[in-house]
1. Considering only residues that are over 19 Å from residue 97 (Cβ atoms) and not in a helix (DSSP H, G or I), look in the stretch 39-73 and name the one that is nearest to the chain's Cα centre (by Cα).
2. Can you name the number of the only condition in (1) closer than 21 Å to residue 21 by Cβ; (2) out of contact with any strand residue (DSSP E or B) (no Cβ under 7 Å at 6 or more places or on another chain); (3) of a type outside the set (D, E, K, R); (4) modelled with pLDDT of 95 or more that residue 189 fails?
3. For the stretch 141-198, enumerate the residues that are hydroxyl-bearing (Ser, Thr, Tyr), over 23 Å from residue 92 (Cα atoms) and surrounded by fewer than 17 Cβ atoms within 10 Å (Cβ to Cβ).
4. Here are some residues: 151, 184. Which one is at pLDDT 95 or above and more than 27 Å from residue 76 (Cβ to Cβ)?
5. Within the stretch 58-86, take every residue that is in contact with an Asp or Glu (Cβ under 9 Å, 6 or more places away or on another chain) and polar (S, T, N, Q) and give me the one that is nearest to residue 167 (Cα to Cα).
6. Under the condition of being touching a helix residue (DSSP H, G or I) at 6+ places or on another chain (Cβ under 6 Å) and part of a strand (DSSP E or B), which residue from the stretch 120-141 is nearest to residue 80 (Cα to Cα)?
7. Residues that are at positive phi and touching a Leu at 6+ places or on another chain (Cβ under 7 Å): does the stretch 116-133 have at least one?
Amino acid sequence: IAASTKELKAEVWQSYRQSEAMQQLLSLLKFSAPVPPTRSWAASPDLLLTLAQLVRTHNPKLVVELGSGASTIILSRAGAVEIVAIEHDLEYLKSTQDLLSEHQVNNVQLIHAPLIEKEILEETFTWYDTSKLQDLKEIDFLFIDGPPGSKDDAARFPALPVLGSKLSKNAVVVIDDTKRSGEKTLAESFANALPNHRLRFLDHEKGTAILEPMW
């Protein structure tokens with residue numbers, strides 16, 4: 001009974017935190033259409049609020065997002081100048097296109113990059129088709145929330161060798177799902193590769209890592 005009560009209290013507290021974050025998000029940003037669901041696989045409200053705050057603080061010109069959806073809308077409404085969202089699932093990409101249209105967002109380029117097997121650093125990964133990403137450069141804000149990583153700890157690792165060299169000097173990197181070991185390791189690997197950045201972990205619903213330049 002004690003264990004069940006403790007678990008219930010934790011769930012209630014988490015629900016309150018997410019509701020509080022969503023209320024702040026709605027107050028902070030002006031939406032022209034309903035905000036899509038933020039439960040299950042979607043980015044959680046606490047993470048979305050943090051994304052909005054980071055964009056407002058750092059004023060990035062180019063935001064690159066691995067994955068798309070509610071976060072794409074938030075990044076745009078928060079003030080990102082240009083957003084490139086990479087999506088592997090064509091059906092979901094079309095859903096995001098509809099969402100962007102509903103919210104009258106026109107500063108987002110959606111790129112369909114299917115997941116393919118590719119050798120990176122002498123290892124084989126299933127990751128986005130990198131031929132679709134060749135033109136990216138001077139990324140000021142990188143948000144990593146894809147590809148799906150629940151069944152593969154290394155699913156998101158290629159983000160570092162593929163995109164690390166494309167980051168601008170003062171780029172911000174945000175990684176979702178760091179309560180999983182794979183994403184936590186990825187965040188630490190980014191920190192090692194970016195010695196002039198500070199890594200911090202936020203106790204969000206799914207865990208969030210943020211790397212920011214040490215000015």
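The values are calculated or read from the model by the stated rules, or taken from the named source; none is laboratory data. All of these numbers come straight from a predicted model, not from anything done at the bench. As a convention, Cβ positions derive from the backbone with ideal geometry for all residues, glycine included, and neighbour counts pool all protein chains shown.
1. 44
2. (1)
3. Scanning the stretch 141-198 gives 165, 168, 181, 185, 189.
4. 184
5. 59
6. Pass one, the stretch 120-141, residues touching a helix residue (DSSP H, G or I) at 6+ places or on another chain (Cβ under 6 Å): 120-121, 130, 136-137, 139.
Applying the additional criterion that residues be part of a strand (DSSP E or B) yields 120, 139.
On the way: 120: 30, 139: 12 Å.
Taking the candidates together, the pick is 139.
7. No, every residue in the stretch 116-133 fails to be at positive phi and touching a Leu at 6+ places or on another chain (Cβ under 7 Å).
Condition check ((1) outside any helix (DSSP H, G or I); (2) within 20 Å of residue 69 (Cα to Cα); (3) out of contact with any Ser or Thr (no Cβ under 9 Å at 6 or more places or on another chain); (4) free of Cβ contacts under 8 Å to residues at least 60 places away in the same chain) across all residues:
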| position | (1), (2), (3), (4) |
| --- | --- |
| 147 | yes, yes, no, no |
| 150 | yes, yes, yes, yes |
| 157 | yes, no, no, yes |
| 215 | yes, no, yes, yes |
